[in-house]
1. H97: more than 15 Å from ligand 2 (Cβ to nearest atom) and either surrounded by 16 or more Cβ atoms within 10 Å (Cβ to Cβ) or not basic (K, R) (or both), yes or no?
2. Give me the residue from the stretch 317-335 that is over 16 Å from L259 (Cα atoms) and of a type in the set (V, I, T) and, out of that set, modelled with the lowest pLDDT.
3. So how many residues does the stretch 293-303 have that are over 21 Å from S226 (Cβ atoms) and either among the small types (G, A, S) or part of a loop (DSSP other than H, G, I, E, B) (or both)?
4. Could you run through the stretch 54-79 and say how many residues are surrounded by 17 or more Cβ atoms within 10 Å (Cβ to Cβ) and over 30 Å from A289 (Cα atoms)?
5. Would you mind finding the one in L152, L203, L230 that is touching a residue at least 60 places away in the same chain (Cβ under 8 Å), within 16 Å of ligand 2 (Cβ to nearest atom) and crowded, with 22+ Cβ neighbours inside 10 Å?
6. Out of E233, E268, report the one residue that is more than 24 Å from R286 (Cβ to Cβ) and outside the structural domain of E326 (by TED's automatic domain parsing).
7. Kindly evaluate A134 against the criterion of being in contact with a strand residue (DSSP E or B) (Cβ under 9 Å, 6 or more places away or on another chain) and of a type outside the set (D, E).
8. Kindly indicate whether R244 is touching a helix residue (DSSP H, G or I) at 6+ places or on another chain (Cβ under 7 Å), of a type in the set (K, R), in contact (Cβ under 8 Å) with a residue 24 or more places away in the chain and within 25 Å of S377 (Cα to Cα).
Amino acid sequence: MSLELGSSGRKAALVPFVLTRSEHTLSRRHIDPDALKILFRLRHLGFTAYLTGGAVRDMLLGKTPKDFDIATDAHPAQIKKYFANAFIIGRRFRLAHIRFRGGKVIEVATFRRDPGSDDGSAGGEPGAGAPTHAFGTPEEDAWRRDITVNALFYDPGTAEVIDYVGGVADLRQGRIRVIGDTAERFREDPVRIWRVIRYAARLGFRIGAEVGDEILDSRQLLAGCSEARLFEEFSKDMLGPQTRTVVAGLREFGILSLLLGRIGSAYESDPGLFAGVSALLDIADREKALHREPGLGEMSVLFFWPWVESLLAGTPTDPATILRKEFMDAEMAVALPKSLRAQAIDVMVLLNRMVRGLRSGNMRWSLRGRPQYPQASRLYFLIEQHRAPAEGESFESLFHQAFPERPLRESGRPRRRRRRKKPALQ
Ligand code: ATP
Ligand code: MG
């Protein structure tokens, strides 16, 4: 390896380490055809254009990337000029989104150097000021990224992988390393702490002792990030792959309690409760692998359900009010949008009725009229049966199997008996 990170975190060589076509398994055939077209078009226009980020990392590991990000020396205005379907976005750093049919978006960002803080996407801290146009070289662009395995470039022209930061060695050794000085990079943008844990968990890579210690020293900084940005990261983990392992990683570093207040503390201190969370996230991850992705609403229910179930164990008379209050009092740093929270509470109240209903044989079937009922029915299967419902299966069919003699039409409230008029005495 021609390049190592010095302990000062400064780069030790200007010449990148290069993997030639025959030295890696990344094939052009696995690159999204639209991304490839953009890359070649930019090259023909005389620009440098590389595939970068998660796409290069995942393809080198033989995985299918989620999205294909491009880095180039073309400036946003030039990208806009040459691509009719390009839209300039970004608060702190302008970059182009090239949009395709079916909602596909390819992000094309100009090489830049590190002005500090986030990835420059719309996720930048609100109110952070005007966009910073600190354009840079490919090398500077690699150095401003978060972890070494995320900072590789793939040149479609030569089919070479270009590595300025030691990412290839880390990829081979299954190691997550922060680019530059770890403490400083965490201070610049504490969300990187979360990202280190996320990619270690998703890739099954190890976090070295030094980085691990730095996470423990710096983790408190996460609480100072904007609630909206933290929610964005939370959503990425709920919707992304391997939620179970990522959440376990966050718990291991004591970050769940920082992010989710009392709920996170309960999950950190009670292994039984957390075993419940793990089991549900595992089911969700299996569903994702089968391309039956639960949405954010369903994932939130699965994530919070063990905590909610413990709160409702004493059969309170008004579970919805209790849950609303408990969520309000939880002091979460991650701000769940009000509508998401309200919907999740409605579904969980219904679920609670269903769980009890199927245990006791008493169900208030009028609840079937609630708009959340179909979702609650599907979630019932995931939570109680540890599987998705098969075609044509529903909560009613389970109930009918368990209590074949009970009608599904009766209402939970005892019917008012009509008094028969006593026959008039004669
Ligand atoms: P995936 O999309 O599979 O989750 P990714 O590595 O592509 O993984 P993104 O969040 O899409 O992750 O970010 C794209 C790239 O931008 C990363 O690979 C990394 O190089 C850089 N990046 C993202 N966030 C940061 C950050 N907070 N600090 C520095 N670089 C970042
Ligand atoms: Mg990505």
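1. Details: more than 15 Å from ligand 2 (Cβ to nearest atom): no; either surrounded by 16 or more Cβ atoms within 10 Å (Cβ to Cβ) or not basic (K, R) (or both): yes.
No; evaluated as a whole, the condition is false for this residue.
2. As a first pass, look at the stretch 317-335 and keep what is over 16 Å from L259 (Cα atoms): 317-325.
With of a type in the set (V, I, T) added as a condition, the list becomes 317, 321-322.
Working: T317: 87, T321: 97, I322: 97.
Of everything passing the filter in the stretch 317-335, T317 is modelled with the lowest pLDDT.
3. 4
4. Final tally of qualifying residues: 6.
5. Details: L203 fails: crowded, with 22+ Cβ neighbours inside 10 Å; L230 fails: within 16 Å of ligand 2 (Cβ to nearest atom).
Answer to the check: L152.
6. Selected residue: E268, the only one of E233, E268 that is more than 24 Å from R286 (Cβ to Cβ) and outside the structural domain of E326 (by TED's automatic domain parsing).
7. Values: in contact with a strand residue (DSSP E or B) (Cβ under 9 Å, 6 or more places away or on another chain): yes; of a type outside the set (D, E): yes.
Here the answer is yes, as A134 does meet what is asked.
8. On the way: touching a helix residue (DSSP H, G or I) at 6+ places or on another chain (Cβ under 7 Å): yes; of a type in the set (K, R): yes; in contact (Cβ under 8 Å) with a residue 24 or more places away in the chain: yes; within 25 Å of S377 (Cα to Cα): yes.
Considered against the rule, which asks whether it is touching a helix residue (DSSP H, G or I) at 6+ places or on another chain (Cβ under 7 Å), of a type in the set (K, R), in contact (Cβ under 8 Å) with a residue 24 or more places away in the chain and within 25 Å of S377 (Cα to Cα), R244 comes out as yes.
The values are calculated or read from the model by the stated rules, or taken from the named source; none is laboratory data. All of these numbers come straight from a predicted model, not from anything done at the bench. Cβ: placed from backbone, ideal geometry, glycine included. Neighbour counts: every protein chain shown.
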